[in-house]
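Below is one structure; the comments refer to it alone.
Every read-out reported here was derived from the displayed coordinates using simple, explicitly stated rules and does not represent laboratory data. No experiment lies behind these values; they were computed from the predicted model shown. Note that each Cβ is placed from the backbone with ideal geometry, even for glycine, and that neighbours are counted across all protein chains shown.
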Protein chains: 2
Amino acid sequence: MAAKNHKEPKQRILDAAINLFAQKGFAAAGVREIAKKADVNIAMISYYFNGKVGIMKAVIKEFFDQFLEIFSEINEKNKSPEENMRLITRPIINFIRSNTKLAMVTYNELPLDIPEITELKAERTSFFLKKMSSRISGLGLDPKDAFRTAVIGTSLFSAIMMQFRFRPVIERVYKVKYDDAYYKWLEDTITTLFLNGIQGIAAGKKKQVR
Amino acid sequence: MAAKNHKEPKQRILDAAINLFAQKGFAAAGVREIAKKADVNIAMISYYFNGKVGIMKAVIKEFFDQFLEIFSEINEKNKSPEENMRLITRPIINFIRSNTKLAMVTYNELPLDIPEITELKAERTSFFLKKMSSRISGLGLDPKDAFRTAVIGTSLFSAIMMQFRFRPVIERVYKVKYDDAYYKWLEDTITTLFLNGIQGIAAGKKKQVR
DNA sequence: ATAAAAGTTAAACAAACGTTTGTCAATTTT
DNA sequence: AAAATTGACAAACGTTTGTTTAACTTTTAT
């Protein structure tokens with residue numbers, strides 16, 4: 001139950017909190033539970049984070065800081081549309097795969113009202129919105145139509161996120177393992193889906209059935 | 001603050017709970033707050049729902065019961081692919097529009113661990129998964145590839161859901177109002193996006209910019 | 001009209017909540 | 001070596017949590 005002690009206490013608290021927030025939500029995870037899992041005294045939470053919501057602030061900052069760094073900066077003009085689309089889907093999938101709980105906590109708590117965090121959330125979310133919008137507009141859409149590209153960009157992110165949120169059900173119902181092969185397949189599927197739609201998927205019969 | 005008294009107490013509790021759950025999440029919403037908003041004594045919650053999680057059970061049941069009823073039963077063979085796609089996107093958008101908070105509560109709490117509800121969630125979610133999968137497979141994809149159509153179906157639902165979860169940010173950043181015109185435009189956009197992808201959207205220049 | 005059932009209430013329950021206090025050990029600075 | 005700062009701890013703080021009890025009123029059934 002207790003955590004590994006080879007990390008700094010502050011980091012141990014953050015790790016434990018992310019795990020518990022992902023499992024039961026921010027409000028349902030108690031500070032005693034977090035402290036126990038982090039193998040740390042309860043008082044250390046206020047000492048390092050100024051209270052429970054301070055942890056959530058740190059979580060949100062960490063997610064957005066890391067996420068906004070994942071894209072290679074430029075869309076190469078000489079690459080195919082599919083390859084350019086892949087340059088968006090791949091980093092998103094890989095990032096969420098490596099930071100599943102961090103992403104799920106942030107995604108889950110974003111629409112919820114936590115008074116002390118409202119400003120931080122609004123600021124980071126609008127930045128996220130613009131980033132996704134600009135990445136999508138590099139695919140041949142009108143850059144002036146930022147609203148449309150924002151809707152598409154958030155749809156893409158949410159669609160990928162959904163595969164992680166529903167992982168337990170999907171694995172059980174369709175007898176699927178979330179392994180390397182699956183993530184490769186998911187990248188292909190999402191890429192084709194968002195580039196050419198369901199008709200694009202139906203046309204590409206070369207893909208094997210899973 | 002207090003609710004309208006022309007409804008039955010049980011329904012008032014449910015309405016108040018859905019509103020508060022949507023605003024701050026299940027765990028953060030207290031029974032006293034719910035009772036106050038419903039204009040009902042606290043004890044009535046245990047009386048009608050056997051406690052707080054009983055309300056959540058009722059919420060989940062209501063969402064899935066209502067959602068699984070929205071689709072017209074058959075995909076008409078003589079309609080265009082776009083019209084058949086629209087027969088999926090339109091009811092989803094309309095339903096979430098009319099039941100935004102109910103949908104947001106369910107969507108938000110689904111991945112979270114609430115011990116007494118695990119079974120109910122699993123059962124309903126897998127049913128939801130299969131329903132979405134079968135609807136998508138009617139669009140020209142191989143019905144035997146249920147896993148692929150499930151991924152597409154959940155992506156579609158999540159993409160639409162995202163537009164409601166991010167509504168405050170989107171409205172502010174892009175100066176958009178969520179009115180009839182917006183929902184019509186959203187239906188067009190999501191329909192084209194999932195049927196023909198971003199390239200389909202880029203090709204359809206007849207659509208006006210918002 | 002009488003009895004039984006259902007609905008409603010205020011008050012109290014123990015348990016859990018997040019935070020803070022005061023004390024002591026360890027480290028760093030002077 | 002002395003002083004100051006930082007890190008860590010057990011214990012207690014006052015609230016708030018979800019639930020239940022017992023008394024009471026209203027409605028329904030006999």
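Below is a table of values for the structure above.
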quantity: Burial ordering of A:Ser126, A:Ser98, fewest other beta-carbon atoms within 10 Å first; calculated: A:Ser98, A:Ser126
quantity: Order of A:Asp180, B:Asp188 - criterion: other Cβ atoms within 10 Å of each residue's Cβ, fewest first; calculated: A:Asp180, B:Asp188
quantity: Nearest-20 debye value, the range B:9-49 charge dipole, Cβ charges on Lys, Arg, Asp, Glu; calculated: 40 debye
quantity: In the range A:100-207, the trypsin sites (Lys or Arg not before Pro) that fall in loop regions by DSSP, at most 11 other Cβ within 10 Å; calculated: A:Lys144, A:Lys175, A:Lys177, A:Lys205, A:Lys206
quantity: Between 0 and 90°, nearest 10: helix A:81-98 axis offset from chain A longest Cα axis; calculated: 20 degrees
quantity: Length-normalised contact order of chain A in % [C-alpha pairs under 8 Å, at least 6 apart]; calculated: 18 percent
quantity: Principal axis dimensions, the protein assembly as shown - Cα atoms, whole angstrom, descending; calculated: 57, 56, 44
quantity: FRET efficiency estimate (nearest 0.05) - Cβ-Cβ, B:Leu120 to B:Glu69, R0 22 angstrom; calculated: 0.75
quantity: Relative exposure of B:Ile92, B:Ile152, judged by other C-beta atoms within 10 Å (fewest first); calculated: B:Ile92, B:Ile152
quantity: Links that overshoot a 21 Å alpha carbon limit, given the list A:Lys77/A:Lys184; A:Lys101/A:Lys130; A:Lys175/B:Lys131; calculated: A:Lys77/A:Lys184; A:Lys101/A:Lys130
quantity: With Cα atoms, 0 to 90° folded angle of helix A:118-137 axis to chain A main axis; calculated: 20 degrees
quantity: Helix A:9-24 axis, angle to chain A major axis (alpha carbon atoms, nearest 10°); calculated: 60 degrees
quantity: Highest-fluctuation residue, A:Val59, A:Val40, A:Val173 considered, GNM on chain A with Cα pairs under 10 Å; calculated: A:Val173
quantity: Value of [θ]222 nm, deg cm²/dmol, for the protein assembly as shown, DSSP H segments ≥ 4, -39500 (n - 2.57) each, nearest 500; calculated: -23000 deg cm²/dmol
quantity: Whether the range A:59-203 is rounded, prolate or oblate, judged on the alpha carbon gyration tensor where a/c under 1.5 counts as rounded; calculated: oblate
quantity: Cleavage-rule hits (GluC sites (Glu not before Pro)) in the range B:1-74: DSSP loop, at most 12 neighbouring Cβ within 10 angstrom; calculated: B:Glu69, B:Glu73
quantity: Residue-by-residue Karplus 3J(HN,Hα) for the range B:191-203, coefficients 6.51, -1.76, 1.60, Hz, glycine and proline x; calculated: 4, 5, 4, 7, 8, 10, x, 4, 5, x, 5, 5, 6
quantity: Whether the range A:94-149 is rounded, prolate or oblate, judged on the alpha carbon gyration tensor where a/c under 1.5 counts as rounded; calculated: oblate
quantity: The range B:1-70 shape via C-alpha gyration tensor axes, a/c threshold 1.5; calculated: prolate
quantity: For A:Phe127, label point 7 Å along C-beta direction: distances to other copies, nm; calculated: 4.4
quantity: Two-site FRET efficiency, B:Val53 against A:Ala202, from Cβ-Cβ distance with R₀ of 51 Å, rounded to 0.05; calculated: 0.75
quantity: Chain A, dipole about Cα centre (Lys/Arg Cβ +1, Asp/Glu Cβ -1), debye to the nearest 20; calculated: 640 debye
